[in-house]
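The structure under discussion appears below in the form of structure tokens.
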Amino acid sequence: MTAETAGTNPKATHKAPPRPTRRPTGRGRTPLLYVIASVALLVMSAPFLWMALSAFKTKQDLTANPPVWIPSRWTLDNFTSLLDQLDMPRYFLNSLIVAVLVTVSNLLFCSMLGYALAKLDFTGRSKVFAVVLAALMVPGNLMILPLYVLMNGLGLIDTYAGLVLPFAAGAFGVFLMRQFMQSVPDELLEAARLDGAGEWYIFWRIVIPLVKPALATLTIFTFLGSWNNFIWPLIATNDPDKYTLPVALATFANDPNRTVGGGNGMLMAGSLLVVLPVLAVFAVLQRHFTQGIATAGLK
């Protein structure tokens, strides 16, 4: 082959690209990962399963040695005894009122402040966000004494307002909503402003529908934290009529008049009643919650 023909023949001047090598897919590790995940799930769910099953056990099963997992006879005596000795509807209503008010206030105030920090340009915005970040680093237990002094000075001890106002807005919620709202395109908001829309309309009709996963995530975390809150309701309530479920159950657990076997069964029944509303909230919002967790790294 001459030099002229070699210059006109592309096969003579260009080599075929090498075939890509297949990377290992790791399929051999999949069964092992399933086994590890199943064991971890069993370990984490074992206390909950024990609590749920113990709520339906008889006194003999609760005091059996060695312990038995499955009740030999399923019974509702623990629930009926608990309702006879404790005003569970009242405590349940107290917890529900406080948790709902705290959750709604966090959704409103945290989303409003998150929108302002993410999309509005005002003097001191970076300083306000720095204060929010600093608040995230302060342990919550350090704020109990100042909050008690403040609520006591305002005369809000033994009131629903005293249980709700200290947690009406949280730094975590503001940070979460701000991060999600930053992903909303600025061009969309500018187009709405050019059409004559005000900030309140933009916030409610455009931004809020776009951050539903963040709202669902904040709802679950806030409701769970408020429903299970024990320290603050214990300090801020002296009237038994204002007790929440965790405080009422803890008071009942320390009651020396309760019987050992039946008392433990009633405690398991009460603990199960405490957990059920949280599971219901998560079941309703789990689709938005998982979507929010999956997209959190993209914000």
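All of LEU163, LEU210, LEU145 fail the test of being in contact with a helix residue (DSSP H, G or I) (Cβ under 6 Å, 6 or more places away or on another chain) and of a type outside the set (Asp, Glu), apart from LEU163. Criterion applied to LEU62, LEU86 was being of a type in the set (A, V, I, L, M), buried (at least 16 other Cβ atoms within 10 Å of the Cβ), farther than 30 Å from MET181 by Cβ and at pLDDT below 80, and the one residue passing it is LEU62. Taken as a whole, the condition of being among the small types (Gly, Ala, Ser) and crowded, with 21+ Cβ neighbours inside 10 Å does not apply to GLY155. Among the residues of segment 89-99, those that are in contact (Cβ under 8 Å) with a residue 60 or more places away in the chain and surrounded by fewer than 19 Cβ atoms within 10 Å (Cβ to Cβ) comprise ARG90, PHE92, LEU96, ILE97.
Taken over segment 48-96, the criterion of being of a type in the set (Phe, Trp, Tyr) and more than 15 Å from PHE252 (Cβ to Cβ) is satisfied by PHE48, TRP50, PHE56, TRP69, TRP74. Counting only helices (runs of 4 or more DSSP H) that sit completely within segment 47-155, those holding 2 or more residues that are among the aromatic types (Phe, Trp, Tyr) correspond to 88-119.
Residue-level analysis places LEU249 outside the set of residues that are modelled with pLDDT under 80, buried (at least 19 other Cβ atoms within 10 Å of the Cβ) and under 18 Å from GLY225 (Cβ atoms). May I ask you to list the residues in segment 66-86 that are free of Cβ contacts under 8 Å to residues at least 12 places away in the same chain and within 19 Å of LEU276 (Cα to Cα)? Residues satisfying the conditions are THR80, LEU83. Do we find a residue being touching a residue at least 60 places away in the same chain (Cβ under 8 Å) and either acidic (Asp, Glu) or surrounded by 13 or more Cβ atoms within 10 Å (Cβ to Cβ) (or both) anywhere in segment 131-145? Yes, that holds for at least one residue. Scanning segment 209-218 for residues that are crowded, with 19+ Cβ neighbours inside 10 Å and either at pLDDT 90 or above or farther than 16 Å from LEU279 by Cβ (or both) gives VAL211, PRO213, ALA214, LEU215, THR217, LEU218.
Meeting the requirement of 1 or more residues that are farther than 19 Å from PHE92 by Cβ and among the aromatic types (Phe, Trp, Tyr), the helices (runs of 4 or more DSSP H) wholly within segment 165-271 are 171-181, 199-202, 212-227.
The values are calculated or read from the model by the stated rules, or taken from the named source; none is laboratory data. Being a predicted model, the structure only gives us computed values, none of them experimental. FYI the Cβ positions are ideal-geometry reconstructions off the backbone, even for glycines, and counts take in every protein chain you see.
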